[in-house]
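Visitor: The structure under discussion is supplied below as structure tokens; questions concerning it will follow.
The values are calculated or read from the model by the stated rules, or taken from the named source; none is laboratory data. The structure displayed is predicted, hence computed values, not measured ones. All Cβ positions, glycine included, derive from the backbone under ideal geometry; neighbour counts span all protein chains shown.
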Amino acid sequence: MSLPRPVPRTWVLLDERPGNSTQSLGLAQTLGWPFETINLNFNSLAQIHNELLGASALGIDRRRSDAFGPPWPDLVIAAGGRTAPVSRWIRKKSGGRTQTVQLGRRGAACAEAFDLVATPGNARLWPHPRRVVTLLPTNRIDRESLDRAAERWQPSFENQPAPRIAVLVGGATALFRFGADEARQLGCQVAELARDTGGSVFVSTSRRTGEAAARELARALPDAALFHEWSPDTQDNPFLGLLALADWIVVTGDSESMLAEACSTSRPVSIFALPPIGRQTLRRRIGEAIVACAMACRPAGPDATSRLPWTLSGVCARSIASGWILPPRDLDGLRDSLVASGRAHALEKQPAAFEVEPLREVETVAERVRSLVERG
């Protein structure tokens, strides 16, 4: 009779970016093991390319970060570019005993540097046996968290007519515009849908929305809409309540994290596509050219970097596989994939059903982590 394996001591490295934290914490909570969180803040050295930093803690601002040291954990989970060198450093300090799981696009570009990585397909990173490719990033949304939020926010929703339409608003990015014109268009479309269906509207903005866009959005919405404008001083954010109690969720197409969280519910998701920035940056044009060249070598399934030829396309592929070149994200491709899978649709089209299957890709990643730990 074999004895049960001990629960691995697990650290979750966190930075101040919510999109990274929700990925790491979501995976850690899904695993169901006790874990410790290590909050990290960073200095200017963290801006150095990860492949130059290697396994290093030089980018940590020790005075503003949680203290940590030996005994080293069995498992480290982290997301984001700046946590990646720290995760590698912990494994090095442990003599290779600590296993590392890195999530997201920037931190997990080089799969060879970690024991397991998980990245969305729209990141277009190189295939590798250690890479789990998901449609969307992992997140913290599960039935338990939604039930708690539903109980907390039910009084705000119970007297509102169905369908209750939740609108989750992002903002401008390096790829997309979201100013007053786009906000007004979103508000008008949502107002029209509410009139056509007899439903009610609930809105939550984010730190990227901006005051001008938020004002225009509020003006275009029905007078009865419940509007929460994000503020750094807000203590009671209804975001989870919207996910838990809405019949229909509308999300701006700029945020992978918001799309992932919306698609983790059992409600239909409509995407409001934002217009692209008119002119691509030189960096993006170069990145797209390298990706196009590397595609001649890209295998259908996982592949080892050592098998890439030393041709121009092979060199481009090696630069991506080793993490030196980060392909531009393909958010339009992500939107198309969600629509093709039936998990989301364009805002102009009303959902065919108000009960759909939640997208819980974090379970797939968690199974790979459990297998990794069992192998030791």
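Visitor: Could we say that Phe202 is free of Cβ contacts under 8 Å to residues at least 60 places away in the same chain, within 12 Å of Leu245 (Cα to Cα), surrounded by 21 or more Cβ atoms within 10 Å (Cβ to Cβ) and in contact with a Lys or Arg (Cβ under 8 Å, 6 or more places away or on another chain) here?
Guide: Yes: the conditions hold for Phe202.
Visitor: Which condition does Pro8 not pass, out of (1) buried (at least 17 other Cβ atoms within 10 Å of the Cβ); (2) within 21 Å of Pro70 (Cβ to Cβ); (3) modelled with pLDDT of 95 or more, if it passes all the others?
Guide: It is condition (3) that Pro8 fails.
Visitor: Using beta carbons and a limit of 9 Å, which pairs, at least six apart or on different chains, have the first residue in the stretch 66-79 and under 20 Å from Val365 (Cα atoms) and exposed (fewer than 14 other Cβ atoms within 10 Å of the Cβ) and the second one of a type in the set (A, V, I, L, M) and at pLDDT 95 or above?
Guide: none
Let's see how each residue does on (1) touching a Pro at 6+ places or on another chain (Cβ under 6 Å); (2) touching a residue at least 40 places away in the same chain (Cβ under 8 Å); (3) of a type in the set (Ser, Thr, Tyr); (4) not assigned by TED's automatic domain parsing to the domain that holds Ile271:
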| position | (1), (2), (3), (4) |
| --- | --- |
| Ser337 | no, yes, yes, yes |
| Ala340 | no, no, no, yes |
| Ala346 | no, yes, no, yes |
| Pro351 | yes, yes, no, yes |
| Val356 | yes, yes, no, yes |
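Table: residues versus (1) crowded, with 20+ Cβ neighbours inside 10 Å; (2) in a loop (DSSP other than H, G, I, E, B).
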site: Asp236; (1), (2): no, yes
site: Leu243; (1), (2): yes, no
site: Ile249; (1), (2): yes, no
site: Asp254; (1), (2): yes, yes
site: Ala262; (1), (2): yes, no
site: Gly287; (1), (2): no, no
site: Gly301; (1), (2): no, yes
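Visitor: From (1) farther than 23 Å from Pro120 by Cβ; (2) exposed (fewer than 14 other Cβ atoms within 10 Å of the Cβ); (3) at pLDDT 85 or above; (4) among the hydrophobic types (A, V, I, L, M, F, W, C), pick out the condition that doesn't hold for Val315.
Guide: (2)
Visitor: Within the stretch 85-129, take every residue that is under 17 Å from the mean Cα position of the chain (by Cα) and of a type in the set (S, T, N, Q) and give me the one that is surrounded by the most Cβ atoms within 10 Å (Cβ to Cβ).
Guide: Among them, the one singled out is Gln102.
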